[in-house]
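**Q** Sharing a structure below in C-alpha cells format, with a few things to ask.
The values are calculated or read from the model by the stated rules, or taken from the named source; none is laboratory data. Source: prediction; values computed, not measured. Every residue, glycine as well, gets a Cβ built from its backbone with ideal geometry; the counts of neighbours run over all protein chains shown. Accessible surface is based on the protein model in full, side chains and every heavy atom, while ligands, DNA and RNA are left aside. Shrake-Rupley method; radii C 1.70, N 1.55, O 1.52, S 1.80 Å.
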Amino acid sequence: DVPFFKQMAKEADSASYDLAHWEYNALDVACTFQIYEQLLAELTHTGLLDFYLSYYVPLSRTLGRVQKRGIKINAKARNALSVIRKAELVTIRAEVCRIAGQELNTNSPTQMKEFLYGTLMLQPQRHRIRKTITTDETALVALRRKYPPHKLFFNLLLDARDKQKIVSTYLKPVEDPDGRV
C-alpha cells in the first residue's frame, strides 16, 4: 500500500536532493520494518519461526562475516581450472562449427539467429516477455525438443554457453590485493 518511491533521490533536483534523500531513506526503513512484521507473523502462523531463528539467522550472520572479510582464493588452482575450461570451450566451439559447416560465433546472438532461423530455417523462438526473436537458453532448449535431429548441436551450444559463463563469471581474476574475493 506504499506508493513506488525508489526513484525519489534520483529524480530530485539538486536544490531538493537532501530532503528527497532523507524522505527516501525514511520510507525505505519504514517499509522494511512493515515487511519484517508481516513476515514474522507468517513465520509464526506457519510454524517456521523456530527454524528461522535456529538455522537461518545464525547462517546469515556467518554469511555476513564472510561477505565482509571475503574468501581466500587459490589463484593457482583457479587459473589452472580456467585453462582447462577454455580448452574445453575451444573444442566445443570447433565441433559446433564442424556440425554447422561454417564458422559460427556461439556468443553472437545475431549470428545464432541468422544460422538457426535463416540457414536452418527453424521456427523462430520469441522471448516470453519482450516477444522479440531470441536464441537464449530457453529458446535453445525448446528448439532441441522440437528438432530431435539437431539435439547434439543444441547440446553443444548449451554446453558452450555454460562453460563460457563459468570462465567469464567465476574463473576470471577479481580478488583484492589480499587475495580475497
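**Q** Residue by residue through region 158-181, note down the ones that are assigned to a loop (DSSP other than H, G, I, E, B) and touching an Asp or Glu at 6+ places or on another chain (Cβ under 9 Å).
**A** Across region 158-181, the qualifying residue is only 181.
**Q** Please verify whether residue 68 is on the phi > 0 side of the Ramachandran plot, surrounded by fewer than 11 Cβ atoms within 10 Å (Cβ to Cβ) and either of a type in the set (Lys, Arg) or part of a helix (DSSP H, G or I) (or both), treating the condition exactly as stated.
**A** So residue 68 fails the test.
**Q** Taking interchain pairs and intrachain pairs at least six residues apart, which have beta carbon atoms under 8 angstrom, with the first residue in region 150-169 and charged (D, E, K, R) and the second assigned to a helix (DSSP H, G or I) and open to solvent by 50 Å² or more (accessible area, probe 1.4 Å)?
**A** Cβ pairs passing all conditions: 151/144; 161/137; 163/85; 163/88.
**Q** Any residue in region 27-56 that's in contact (Cβ under 8 Å) with a residue 12 or more places away in the chain: show its pairings with residues that are assigned to a helix (DSSP H, G or I) and of a type in the set (A, V, I, L, M) at Cβ separation under 8 Å, as long as the two are six or more apart or on different chains.
**A** Hits for this filter: 27/8.
**Q** Please determine whether any residue of region 115-136 is open to solvent by 80 Å² or more (accessible area, probe 1.4 Å), aliphatic (A, V, I, L, M) and either at pLDDT below 95 or in a helix (DSSP H, G or I) (or both).
**A** Yes, because at least one residue in region 115-136 is open to solvent by 80 Å² or more (accessible area, probe 1.4 Å), aliphatic (A, V, I, L, M) and either at pLDDT below 95 or in a helix (DSSP H, G or I) (or both).
**Q** So is residue 167 of a type outside the set (S, T, N, Q), within 30 Å of residue 70 (Cβ to Cβ) and open to solvent by less than 70 Å² (accessible area, probe 1.4 Å) or not?
**A** When the stated conditions are applied, residue 167 passes them.
**Q** For residues in region 1-20 being closer than 26 Å to residue 38 by Cβ and not hydrophobic (A, V, I, L, M, F, W, C), which is least open to solvent (accessible area, probe 1.4 Å)?
**A** Step by step, filter region 1-20, then rank; the result is 7.
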